[in-house]
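Written out below as C-alpha cells is the structure these notes cover.
The values are calculated or read from the model by the stated rules, or taken from the named source; none is laboratory data. As the structure is a computational prediction, the values presented were derived from the model and not from experiment. As a convention, Cβ positions derive from the backbone with ideal geometry for all residues, glycine included, and neighbour counts pool all protein chains shown. Please note that ligands, DNA and RNA were not included when accessible areas were found on the heavy atoms of the full protein model with its side chains. Shrake-Rupley method; radii C 1.70, N 1.55, O 1.52, S 1.80 Å.
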Amino acid sequence: MTIKFEGIDLIPADGYILNFIVDGKDETVYCDGLEELMCTVLTEEEWVNWLTGGGLPLLNGKKIDDEVKFVEEYIDKKADNFCVLFED
C-alpha cells in the first residue's frame, strides 16, 4: 500500500479533513475538532501535556507552536504509519 499525505482542510464548526492518496485513490479522514486532530499524532502522554497547556513536543528537534502545522509535518514525514486507517 502506498500512501501520500496531501494536507489538511479546515471545515466550518472546527472540523478537519486529512487528505491522502492511497494506492492512487483520494481518501479522507475526518477529525471532529482540534483535540481529535491532535490525538491522531500525539502519544497519550504528549496529548495530555498539550491539553493541559504544556505545549507540543519537538518534532525532529524542531519547535512548532501551530497545531495544524505540527500535524501536517508529522503526517508528511510518517504517512506510511497511517496505513491502518485504510485497510479493509
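Which members of the stretch 40-78 meet the condition of being closer than 19 Å to residue 15 by Cα, exposed (fewer than 15 other Cβ atoms within 10 Å of the Cβ) and under 13 Å from the mean Cα position of the chain (by Cα)?
If the condition is that a residue be closer than 19 Å to residue 15 by Cα, exposed (fewer than 15 other Cβ atoms within 10 Å of the Cβ) and under 13 Å from the mean Cα position of the chain (by Cα), then 66, 69 are the ones that fit.
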Taking the stretch 55-88, which residues are over 12 Å from residue 18 (Cα atoms) and modelled with pLDDT under 90?
-> 60, 77, 78, 80, 81, 83, 84, 86, 87, 88
Could you check residue 37 against (1) among the hydrophobic types (A, V, I, L, M, F, W, C); (2) assigned to a helix (DSSP H, G or I); (3) open to solvent by 20 Å² or more (accessible area, probe 1.4 Å) and say which number it fails?
-> (3)
Across the stretch 1-16, which residue is most open to solvent (accessible area, probe 1.4 Å) among those that are assigned to a strand (DSSP E or B) and closer than 15 Å to residue 79 by Cα?
-> 4
Residue check, residue 3 out of contact with any Cys (no Cβ under 7 Å at 6 or more places or on another chain) and modelled with pLDDT under 95 | no
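So is residue 81 open to solvent by 80 Å² or more (accessible area, probe 1.4 Å) and part of a helix (DSSP H, G or I) or not?
yes
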Looking at the stretch 54-64, is at least one residue in a strand (DSSP E or B) and free of Cβ contacts under 8 Å to residues at least 40 places away in the same chain?
-> yes
Search result, residues across the stretch 17-34 that are closer than 14 Å to residue 79 by Cα and open to solvent by less than 20 Å² (accessible area, probe 1.4 Å) = 18, 20, 22
Taking the stretch 6-30, which residues are touching a helix residue (DSSP H, G or I) at 6+ places or on another chain (Cβ under 6 Å) and modelled with pLDDT of 95 or more?
-> 8, 16
